[in-house]
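Structure first, commentary second.
Every number here is computed from the coordinates shown, using simple stated rules; none is lab data. This is a predicted model, so every value here is computed, not measured. All Cβ positions, even for glycine, are placed from backbone atoms using ideal geometry, and neighbour counts span all protein chains on display.
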Amino acid sequence: MASKDRILRQKEETRKNILDAAYSIAKEEGWQGLSMRKIADRIEYTAPIIYEYFSNKEAILSELTGRGFNMLTKELEEAKAKSDNPEEQLEAMWMAYWDFAFTDTEMYQVMYGVQINCCAEKCTAAEGPYKVFTGVIAEVMKNSKPSKEVITQKYFTFFSVIHGLISINIINTSQIFETINSQILKDAIGGIIQSIK
């Protein structure tokens, strides 16, 4: 039994090493630079061994997407926990979302398809941020007793504005955006919160 456990641990470690190597390559060269051959070279395995764990590059991207959504959900929950006021929670959560996008840009890119094909539609972890946000939005709007559809609409209003601003900044690194980003972000979050109260 002990050797079976050891083999399982080794397989899980190899799987983790493959994912870590893929992410490391993406950080250095961008997602376009990622290949199964480069991953194999990085962890000093042959390419066929990589294929024993992942059928193709998209399977690796999908796994990393799930990892990213789990990380983001955790950061959102931590931001939410800093206040009992739903409006403050919502602002803190969107600021944490923003910070995540620029602290871990490569992960954000693979999660949301910014300059890369997106795997989120296959990822159950993608629901995590949505659930955290809509729970707080419902709390902010509780006096108007909104339907689930209205809450979802408000979430996508936030998401569209903030994801749009993030995408503009990832794609266009102009100094103009850098200097006004913070104010645009705060104005957008504050304005939407005021509109849903």
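Values for this structure:
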{"item": "Quotient of Cα Rg and 2.2 N^0.38 Å for the chain, N being how many residues it contains", "result": "1.19"}
{"item": "Residue with peak Gaussian network fluctuation, the chain [Cα springs, cutoff 10 Å], from ILE168, ILE39, ILE18", "result": "ILE168"}
{"item": "Neighbour-count ranking [beta-carbon atoms within 10 angstrom, fewest first] of SER195, SER62, SER83", "result": "SER195, SER83, SER62"}
{"item": "Value of [θ]222 nm, deg cm²/dmol, for the chain, DSSP H segments ≥ 4, -39500 (n - 2.57) each, nearest 500", "result": "-26000 deg cm²/dmol"}
{"item": "Nearest 10 degrees, 0 to 90: helix 175-196 Cα axis against the chain principal axis", "result": "60 degrees"}
{"item": "Segment ILE43-THR14, extension gain: residue separation times 0.36 nm, minus the distance between their alpha carbons", "result": "9.6 nm"}
{"item": "Dipole magnitude (debye, nearest 20) for the chain, charges at Cβ of Lys, Arg, Asp, Glu", "result": "500 debye"}
{"item": "Degrees separating the helix 86-103 axis from the principal Cα axis of the chain, which is the longest one", "result": "40 degrees"}
{"item": "Dipole magnitude (debye, nearest 20) for region 47-104, charges at Cβ of Lys, Arg, Asp, Glu", "result": "260 debye"}
{"item": "Theoretical gain in end-to-end length, SER144 to SER55 [0.36 nm per residue, Cα-Cα removed]", "result": "27.1 nm"}
{"item": "Debye equation applied to the C-alpha atoms of region 1-54, log10 I(q)/I(0) at 0.18, 0.25, 0.29 Å⁻¹", "result": "-0.58, -0.92, -1.10"}
{"item": "Scattering profile of region 1-109 at q = 0.10 Å⁻¹ [log10 I(q)/I(0), Debye over alpha-carbon scatterers]", "result": "-0.40"}
